[in-house]
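Notes for the one structure printed next.
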């Protein structure tokens, strides 16, 4: 959706006529056609996967899903990322019915390896970007301000989304809003989009500022949000090995202050290997204790609240 909107704005900057109706038509076309392409490829790939058990066939078939849907969407002038996402969601939600767990695990391992290789090239290129930037004090400070504004805007957008859908908010786990907002790490897509804008003649005079701000935001996202995300997760999910000493310990204690409700979850597995989420020290919610730590008042109604918070259908 964001990429489709970005491309629409880019066309406007390149001199195309701007009307609200034309923008809406372009967005609807890119999104609807991409969804249809993704649906078609998703169900077609599921059909092809039936009966296949050779690792090479499984990998090539999933590669066909990614590359084929992307290419067809590009040729149709639709949103290629949306087409890939829709196709992946369909296959990912249904292939457990037709493939063994070991086969799915092997395919996932292959694509995780590919992802790691691509990410290594990506961040190497991001680092090389530093050599073509004319970094100055004003540019660095502006990038830092842009980073703060960007993540405040992300938090506000997530908050509004939760407020607009109270049923989703009610079923969300403690810390979902904070983790979603903090985990908004920017990377290669942001740089690719801004480099496309920088080549527009109308913005050529501002290209160094746009690219510089984006580079600094991506860098700070990786350093601050990426490296700091485990500590934020520990504030809401119990980790017996969390840092307690030095700067990391201080940072962890600061992150714990984000958890205003005071309780945390424990992620585990049941006997069948399915993921389970339970509340760490649920007596915090159920009992009221005196100064010596002895429960003095029991709240039976809070037991149902604990069960609701541990519901596996939560978001």
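The values are calculated or read from the model by the stated rules, or taken from the named source; none is laboratory data. Here the structure is a predicted model, which means the values were calculated and not measured. Positions of Cβ are backbone-derived with ideal geometry, glycine not excepted, and every protein chain shown enters the neighbour counts.
Any idea which of 261, 272 is surrounded by 11 or more Cβ atoms within 10 Å (Cβ to Cβ), assigned to a loop (DSSP other than H, G, I, E, B) and either outside the structural domain of residue 173 (by TED's automatic domain parsing) or touching a residue at least 24 places away in the same chain (Cβ under 8 Å) (or both)? Spell out how you get there, then give the answer.
Working: 272 fails: surrounded by 11 or more Cβ atoms within 10 Å (Cβ to Cβ).
Within the list 261, 272, the selection yields 261.
What do you reckon, is residue 39 at pLDDT 90 or above and either within 29 Å of residue 192 (Cβ to Cβ) or outside any loop (DSSP other than H, G, I, E, B) (or both)? Show your work before the answer.
Details: at pLDDT 90 or above: yes; either within 29 Å of residue 192 (Cβ to Cβ) or outside any loop (DSSP other than H, G, I, E, B) (or both): yes.
Considered against the rule, which asks whether it is at pLDDT 90 or above and either within 29 Å of residue 192 (Cβ to Cβ) or outside any loop (DSSP other than H, G, I, E, B) (or both), residue 39 comes out as yes.
Could you please give the count of residues in segment 82-115 that are farther than 25 Å from residue 53 by Cα and surrounded by fewer than 17 Cβ atoms within 10 Å (Cβ to Cβ)?
Of the residues in segment 82-115, 0 are farther than 25 Å from residue 53 by Cα and surrounded by fewer than 17 Cβ atoms within 10 Å (Cβ to Cβ).
Do we have any residue at all in segment 133-142 that's out of contact with any helix residue (DSSP H, G or I) (no Cβ under 7 Å at 6 or more places or on another chain), within 13 Å of residue 214 (Cα to Cα) and at pLDDT 80 or above?
For segment 133-142, residues out of contact with any helix residue (DSSP H, G or I) (no Cβ under 7 Å at 6 or more places or on another chain), within 13 Å of residue 214 (Cα to Cα) and at pLDDT 80 or above: present.
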